[in-house]
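Here it is: the structure, laid out below.
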Amino acid sequence: MALFDIANEIIPKASMKMNQDAVNSVRIHIDQKQYHSRNPTSGIDLYELGHVRDGRVLYREVTGNEEDKLVRIDQPTIHLKQDEHFHSGEAPEKHFSITINTDPFVVDHDVLTFDQLVKLAFPNPPTGTDPAFTVSFEHAKSKPHHGDLAQNGSVTVKKHGTNFDVAHTNRS
């Protein structure tokens, strides 16, 4: 195959890939700064793109006489529109950002139980003979601020930044 034929075969494929990326990318504005984002995207990706500071949340601007809509950091799919505007701001009163196994979550109450944390970490519980879980935490509002959570225990979380590790084990 001649070099010219190879180039003609490769260039259209590369051009198609660039066009596909362009179709799936939109220009948005976060805190009056312009960004390009893939579309659809996720809450965590928008928060990272806009460099949203800890303790703050992202709002999607709406038209008319309505309140701007909260964008949850744990929202898996967000469909964007060209030149859509977002802004960061204070979190609503009943909004707590936590991390479970490095994944961000938003909960609407500050006291979480062992069972609630296991359900968040494992929405589809693992199967096996007599499955067991362990929950450890750090940066909690309640005292102690870090440690292991008993199976019937609960912990009070901070507005932002309480971290949990939830592990699945099989009893032996």
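Restricting to segment 116-150, give me the number of residues that are of a type in the set (Asp, Glu) and at pLDDT 90 or above.
Final tally of qualifying residues: 2.
Return the residue satisfying two criteria in turn: it lies in segment 100-157 and is outside any loop (DSSP other than H, G, I, E, B) and among the small types (Gly, Ala, Ser), and of such residues it is nearest to LEU70 (Cα to Cα).
First pass over segment 100-157, keeping only residues outside any loop (DSSP other than H, G, I, E, B): 100, 103-107, 111-121, 131-138, 147-149, 154-156.
Restricting the remaining residues to those that are among the small types (Gly, Ala, Ser) gives 121, 132, 136, 147, 154.
Numbers: ALA121: 23, ALA132: 35, SER136: 29, GLY147: 32, SER154: 27 Å.
Of everything passing the filter in segment 100-157, ALA121 is nearest to LEU70 (Cα to Cα).
When you go through (1) out of contact with any Ser or Thr (no Cβ under 7 Å at 6 or more places or on another chain); (2) assigned to a loop (DSSP other than H, G, I, E, B); (3) farther than 20 Å from LEU120 by Cβ; (4) in contact (Cβ under 8 Å) with a residue 24 or more places away in the chain one by one for GLU66, which number turns out not to apply?
(4)
How many residues does segment 84-97 hold that are out of contact with any Gly (no Cβ under 8 Å at 6 or more places or on another chain) and at pLDDT 90 or above?
4
Another question, then. Which residue is most open to solvent (accessible area, probe 1.4 Å), if the candidates are limited to segment 31-44 and must be within 14 Å of VAL71 (Cα to Cα) and out of contact with any Ser or Thr (no Cβ under 7 Å at 6 or more places or on another chain)?
Per the stated criteria, the residue is ILE44.
Let me ask you something else. Would a scan of segment 84-97 turn up a residue that is surrounded by 17 or more Cβ atoms within 10 Å (Cβ to Cβ) and touching a helix residue (DSSP H, G or I) at 6+ places or on another chain (Cβ under 6 Å)?
Within segment 84-97, none of the residues are surrounded by 17 or more Cβ atoms within 10 Å (Cβ to Cβ) and touching a helix residue (DSSP H, G or I) at 6+ places or on another chain (Cβ under 6 Å).
Further question on the same structure: Among the residues of segment 67-80, is there at least one that is of a type in the set (S, T, N, Q), open to solvent by 50 Å² or more (accessible area, probe 1.4 Å), modelled with pLDDT of 95 or more and more than 26 Å from THR169 (Cα to Cα)?
There is no residue in segment 67-80 that is of a type in the set (S, T, N, Q), open to solvent by 50 Å² or more (accessible area, probe 1.4 Å), modelled with pLDDT of 95 or more and more than 26 Å from THR169 (Cα to Cα).
Within the bounds of segment 91-99, is there any residue that is in contact with a strand residue (DSSP E or B) (Cβ under 8 Å, 6 or more places away or on another chain) and more than 29 Å from HIS36 (Cβ to Cβ)?
Yes, the conditions are met somewhere in segment 91-99.
Is there any pair linking a residue in segment 120-144 that is over 26 Å from GLN75 (Cβ atoms) and charged (D, E, K, R) to one that is open to solvent by 50 Å² or more (accessible area, probe 1.4 Å) and outside any strand (DSSP E or B), with Cβ under 7 Å and at least six apart or on different chains, and which?
So the pair list comes out as ASP130/ARG171.
Let me confirm something: among THR102, THR113, which residue is under 24 Å from GLU138 (Cβ atoms), modelled with pLDDT of 95 or more and open to solvent by 40 Å² or more (accessible area, probe 1.4 Å)? Lay out the reasoning, then the answer.
Numbers: THR102 fails: modelled with pLDDT of 95 or more.
Just a single option satisfies the conditions, and that option is THR113.
The values are calculated or read from the model by the stated rules, or taken from the named source; none is laboratory data. Here the structure is a predicted model, which means the values were calculated and not measured. Note that each Cβ is placed from the backbone with ideal geometry, even for glycine, and that neighbours are counted across all protein chains shown. SASA here: full protein model, heavy atoms, side chains in, ligands and nucleic acids out. Shrake-Rupley method; radii C 1.70, N 1.55, O 1.52, S 1.80 Å.
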